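What follows is a single structure, written as structure tokens, with notes after it.
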Amino acid sequence: DVKVTQSSRYLVKRTGEKVFLECVQDMDHENMFWYRQDPGLGLRLIYFSYDVKMKEKGDIPEGYSVSREKKERFSLILESASTNQTSMYLCASSPPQGTSTEAFFGQGTRLTVV
Amino acid sequence: AQKITQTQPGMFVQEKEAVTLDCTYDTSDPSYGLFWYKQPSSGEMIFLIYQGSYDQQNATEGRYSLNFQKARKSANLVISASQLGDSAMYFCAMIGGSYIPTFGRGTSLIVHP
């Protein structure tokens, strides 16, 4: 059974804290993605990675960074959390060069920054 | 660049009736896939159905079917015989030549008993 696991379901952090959101997949997928989801805005792409050590900016990278030291793990980092980063964060993975296979998602992390 | 448009923020349907959720897309890629996901209030994204750009027939998966009209660039989801458990957010998505899934803003479906 394929699986994408995010480290936390719910997280509450203080403004200015450095926040790490971890994502691990067991499908040996090359592609991994981080999205944030806000009401009325759908899923917006923050960063993505096609391979280990590789990362590319998505549509809304400001205030975020990522790390991919191992193929199965893709971490999202909020360098200095702000209240406007309160959101639902979704990690996904997919096989390489695939337009016919769906992306697989983790269960999501609801982050609140106070 | 690719874009997905879902124009219905919210939809209501009576239990056991059919409902159509609209999705239009824009891409210059010759080959692409179209996907629908369901997101219940618990937050997980559940894959429902896939349609390939070269598929001649509309995809079906149980009570879900995808009404694919390539010339109009539309990929509407049809849910037949709605159930209370179908109440959720529904997202249309596309994967094209960049292999990056692009999502619409979603449609909130409420099924009334």
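Readers should treat all values here as calculations from the given coordinates under stated rules, not as data from a laboratory. Predicted, not measured: the structure shown is a model, and the values here were computed from it. Here the Cβ positions follow ideal geometry from the backbone for every residue, glycine too, while neighbour counts run over all protein chains shown.
The table for this structure:
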quantity: Mean Cα-pair separation over length for segment A:46-94, i.e. relative contact order, pairs under 8 Å, 6 or more apart, %; calculated: 26 percent
quantity: Filter on A:3/A:70; A:53/B:3; A:3/A:71; A:57/B:3; B:3/B:73; A:55/B:3 - keep pairs with C-alpha separation over 20 Å; calculated: A:53/B:3; A:55/B:3
quantity: Sorted peptide list for B:30-40, B:44-54, criterion being average Cβ within 10 angstrom, highest first; calculated: B:30-40, B:44-54
quantity: Estimated vicinal HN-Hα couplings, Hz - segment A:69-83 in sequence order (Karplus 6.51, -1.76, 1.60; Gly, Pro = x); calculated: 8, 10, 4, 7, 10, 9, 10, 9, 10, 9, 4, 8, 4, 10, 4
quantity: Inter-probe distance in nm under a simple model that places probes 7 Å from Cα toward Cβ, at residue A:67 and residue B:16; calculated: 5.7 nm
quantity: Efficiency of FRET between residue A:41 and residue A:110 - r from beta-carbon atoms, R0 22 angstrom, step 0.05; calculated: 0.90
quantity: Relative contact order, percent, chain B [alpha-carbon distance under 8 Å, six or more residues apart]; calculated: 38 percent
quantity: Summed residue charge, Cβ within 14 Å of residue B:105's Cβ, Lys/Arg positive, Asp/Glu negative; calculated: 0
quantity: Listed residues B:75, B:88, B:18, most fluctuating in chain B (Gaussian network, C-alpha, under 10 Å); calculated: B:18
quantity: Selection of trypsin sites (Lys or Arg not before Pro), segment A:5-114, meeting DSSP coil and at most 14 other Cβ within 10 Å; calculated: A:9, A:14, A:18, A:53
quantity: Cβ neighbours within 10 Å from other chains - mean over A:29-41; calculated: 2
